[in-house]
Amino acid sequence: TQLLEQSPQFLSIQEGENLTVYCNSSSVFSSLQWYRQEPGEGPVLLVTVVTGGEVKKLKRLTFQFGDARKDSSLHITAAQPGDTGLYLCAGPQTGANNLFFGTGTRLTVIP
Amino acid sequence: DAGITQSPRHKVTETGTPVTLRCHQTENHRYMYWYRQDPGHGLRLIHYSYGVKDTDKGEVSDGYSVSRSKTEDFLLTLESATSSQTSVYFCAISDGLQRLNSPLHFGNGTRLTVT
């Protein structure tokens, strides 16, 4: 079974602070996706990283895929209350057409 | 937003009763999925469909069945609900293969409570 472990599980920070959340696995993934989920809604895709070592930026969010394609990180600069939500990483199951999801990091940004 | 509607949004049922959750899409996407979300477990795949009448099991399929008689509808049935099936259920759709990085588009979930 391919497992994706996310850390920290919970994170509460003040507006304006920086933060990093992690997604780790012992398995190699061909790609990883990051989703954000707000209360009462389904997850929404933020980004897909495909190449080992790849870095993608989405405004204040920076995503990195590890060189060995076993891990990924999400860094948020100058967090805002609108960043509050559950952040999920996900990777495709080898040989099948579905995604494994990590356990998530619940971020709260306090104004 | 992708056109995905889940119904009902909330349901309370008793142990042992059958329950059917519906997912309806207007995107004509080939792939449809049912996930459950529980604290500490993230999202876990129950069943998925890769076409009309074509379905396959996910990692937590025991106690669940699905049907897809039309492209736009994917039904999830709990034949005899148990308290362990209390969860939030999400339907998702995709127009391509996950292993080729096609994103999932999710509905807003059904909160099911089995008493």
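Values in this text are rule-based calculations from the coordinates and carry no lab data. As the structure is a prediction and not an experimental result, all values here were calculated from the model. No Cβ is skipped: glycine too gets one built from the backbone with ideal geometry, and neighbour counts run over all protein chains shown.
Size descriptor for chain A, Kirkwood hydrodynamic radius: 14.0 Å (Cα pairs only, one decimal).
For region A:5-110, relative contact order (Cα pairs under 8 Å, six or more residues apart, normalised by length) works out to 36 percent.
Filter the trypsin sites (Lys or Arg not before Pro) in region A:1-100 down to the DSSP loop ones having no more than 14 other Cβ atoms within 10 Å, then list what survives. Mind showing how you got there, number by number?
On the way: sites: A:ARG36, A:LYS56, A:LYS57, A:LYS59, A:ARG60, A:ARG69, A:LYS70; in loops: A:LYS59, A:ARG60, A:ARG69, A:LYS70.
When the trypsin sites (Lys or Arg not before Pro) of region A:1-100 are filtered for loop state and at most 14 Cβ neighbours within 10 Å, A:LYS59, A:ARG60 remain.
Bridge orientation summary for chain B: considering DSSP beta bridges with both residues in this region, about 90 percent are antiparallel.
Considered as an equivalent ellipsoid built on the Cα gyration tensor, chain B has semi-axes of 22, 14, 13 Å, the largest given first. The modelled label-to-label distance for the pair A:VAL50/A:THR20, using points 7 Å beyond Cα in the direction of Cβ, is 2.6 nm.
Counting only DSSP beta bridges with both residues in region A:5-110, the antiparallel share comes to about 85 percent.
What the phi angles of region A:95-103 give under the Karplus curve with 6.51, -1.76 and 1.60, with θ = phi - 60°, is a coupling list of x, 10, 10, 8, 10, 8, 10, x, 7 Hz, glycine and proline written as x. Segment A:GLU38..A:THR77, full-extension length gain: 12.1 nm, with 0.36 nm per residue of separation and the alpha-carbon distance subtracted.
Report the far tail of the P(r) of the protein assembly as shown, meaning the percent of Cα-Cα pairs longer than 30 Å. I get 24 percent for the Cα pairs in the protein assembly as shown exceeding 30 Å.
The mean sequence distance of close C-alpha pairs (under 8 Å, at least 6 residues apart), as a share of the length of region B:4-114, puts its relative contact order at 35 percent.
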